[in-house]
Amino acid sequence: GLAGSLLGQPPTYYSLLSLADAILPPGGIATADAGTITLWITFLLFAFIFPLVYLLLIFSLWTLPLTLYAQRKLHVFVEVIHAWGSIEVFVLSIVAALLELKQFAGFIVGSKCDTVNKLVTEYLSEALPHQDEVCFTVITRLTHGTFVLVAASLLIMIIGQYVVRSSHHAIEDRFRRDSGRRDEDQVEEWGLPANRCTEVSQLLL
């Protein structure tokens, strides 16, 4: 708005890591108290570190030759890490917040700028961009990094679920064979063999 034009404030760009650093005081982690540091670490763990660990674990689960015991332990650990990772929650909340931020800023200002807005529209409409013909506003835009992050979140969910489901079926097969049961004894899902969906998806991939 007019305030931004007068102050000459450049646009500010945010990323996942810069938002995490925004939790800290201006002096950085050296001047932060224990509560702030805990919040900063928690944010990085849930939104950044756990998703990366989850990707490494499902890659290990997919590629490494494991004993049945080790595979079951790793499978359970992968599911636990997936439950704690929240990159998709972060992406959804950030996109929703950005889309509503302008309306929220207008709600805070309320009617305090109505007189100034009339003067700006009457005398400064030609000198200011159309979006700045108010006393104060907040304009947000989703840059290309947002769409990369959304795509990455979707891929993590799709590939992760596929690998975990395949691992679950593999564990069931190995346990059944180690127990001396036949392949015909496998549990059916929706009237189909347990691994039919996994086999078809493997062929498609």
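The values are calculated or read from the model by the stated rules, or taken from the named source; none is laboratory data. Nothing here was measured: the structure is a model prediction, and the numbers come from that model. With ideal geometry, Cβ positions are generated from the backbone for all residues, glycine too; neighbour counts draw on all protein chains shown. Heavy atoms of the whole protein, side chains included, go into the accessibility calculation; ligands, DNA and RNA do not. Shrake-Rupley method; radii C 1.70, N 1.55, O 1.52, S 1.80 Å.
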Taking segment 64-76 only, how many residues are in a helix (DSSP H, G or I) and either touching a residue at least 12 places away in the same chain (Cβ under 8 Å) or open to solvent by less than 70 Å² (accessible area, probe 1.4 Å) (or both)?
6
Exactly one condition in (1) within 14 Å of the chain's Cα centre (by Cα); (2) without any contact (Cβ under 8 Å) to a residue 24 or more places away in the chain is not met by residue 60; state its number.
(1)
Which residue pairs have Cβ atoms under 6 Å apart, sit 6 or more places apart or on different chains, and have a first residue in segment 144-166 that is within 27 Å of residue 71 (Cβ to Cβ) and a second that is surrounded by fewer than 16 Cβ atoms within 10 Å (Cβ to Cβ)?
163/62
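Return the residue satisfying two criteria in turn: it lies in segment 87-106 and is within 8 Å of the chain's Cα centre (by Cα) and β-branched (Val, Ile, Thr), and of such residues it is surrounded by the fewest Cβ atoms within 10 Å (Cβ to Cβ). So that I can check it myself, show each step before the final result.
Taking segment 87-106 first, the residues within 8 Å of the chain's Cα centre (by Cα) are 87-92.
Pick out the ones that are also β-branched (Val, Ile, Thr) and you get 87, 89, 91.
Numbers: 87: 20, 89: 12, 91: 19.
Among them, the one singled out is 89.
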Scan segment 77-84 and give yes if some residue there is aliphatic (A, V, I, L, M), open to solvent by 50 Å² or more (accessible area, probe 1.4 Å) and under 18 Å from the mean Cα position of the chain (by Cα), otherwise no.
yes
